[in-house]
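We did not get these values from a lab; they are worked out from the coordinates using the rules stated. Given the structure is predicted, the values throughout are model-derived calculations rather than measurements. Because the Cβ atoms are built from the backbone with ideal geometry, glycine has one as well, and the counts that use them run over all protein chains shown.
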């Protein structure tokens, strides 16, 4: 029995001459299968070519050739971060400081206001990160990016630490109206990030005007330990910037009167299950979670590491601050 002859099919790009033949075959009404056989091409290649060129009725070989050249030119074009090493160095440096692509893109406009070559969009930075082949560089870059999916608290997770009758609790309804517009600095929001098995915690304090963050290391998360830790941190800043603190109804704030006595800061309590009343603090906790994800055992995290994270977050530019950093805005308030 004779062996069936198998034609060898080549997969180089279609030439203009081949596209003209495809056009003639379409006019003659030949099937794509016969066209593929006559050109010694894969049927799928011919089918995709005709479809992308407008279909059997609208296929034009010259337009198809121009489209192919544009596509090939775009594919061969080098990425901006591959040709501009100075820009690449800046972007990588900021990524490894945990700046977001948007922060980097806008800071370039400020740092290099007169140099248009030092411009890049946040989308291009994201593309550069994810186009990297699997390996150490890609792993390091993606770990530096903020998590795309935000974790939500379970419905009953806050109830476990909420106390309805904190002694002498003052409602947020009695808080001065000046707090709401953020024009006057010195008004803070606070919370406790819970660690692994609810056995450890980290205090977070955020100034509403500047978004300045203070992370308070805790040996324990009982109300006495929290009061001592917050007192220590608040007394490091000028008295004029210690006006109010808005907190949720967590049991760790049961010693709020002692905190007020030692720092002169007045404590107000948000309504039950109303995290939006401390929106600045909630958003900032999301930033902190990038470094200390759920399940972190804070008893094993050094105070030095906690303060390193605090510094990183405070030295990143913010869109809401017109791309200034919380440290810069806070320092302006200190000097005024």
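Okay, here's what the table says:
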item: Fewest-first sequence of 336, 25 by Cβ atoms within 10 Å of each Cβ; result: 336, 25
item: Relative contact order of the stretch 226-272, pairs being alpha-carbon contacts under 8 Å that are 6 or more residues apart, as %; result: 47 percent
item: Taking the chain and dividing mean pair separation by its residue count, relative contact order in percent (alpha carbons under 8 Å, at least six apart); result: 14 percent
item: Degrees between helix 61-76 axis and first principal axis of the chain (Cα, 0 to 90, nearest 10); result: 40 degrees
item: Cα-based radius of gyration of the stretch 82-122 once divided by 2.2 N^0.38 Å, which approximates compact folds; result: 1.04
item: Acute angle (nearest 10 degrees) that the helix 16-28 long axis makes with the longest principal axis of the chain, alpha-carbon atoms; result: 70 degrees
item: Helix-only CD estimate at 222 nm, as mean residue ellipticity for the chain, using -39500 (n - 2.57) per DSSP H run (n ≥ 4); result: -13000 deg cm²/dmol
item: Sites residue 304 and residue 116 - FRET efficiency at Förster radius 51 Å, r taken between beta-carbons, to 0.05; result: 0.80
item: C-alpha long axis of helix 303-314 to longest principal axis of the chain, angle in °; result: 60 degrees
item: Ranked by how many other beta carbons lie within 10 Å on average, peptides 321-333, 204-216 from highest; result: 204-216, 321-333
item: Enclosed volume per residue, in Å³, of the convex hull spanned by Cα atoms of the chain; result: 251 Å³
item: Rounded to 5, the percent of DSSP beta bridges in the chain classed as antiparallel; result: 65 percent
item: In Å, descending, principal axis extents of the Cα set of the stretch 99-143; result: 36, 17, 15
item: P(r) weight above 20 Å for the stretch 209-336, C-alpha pairs, percent; result: 50 percent
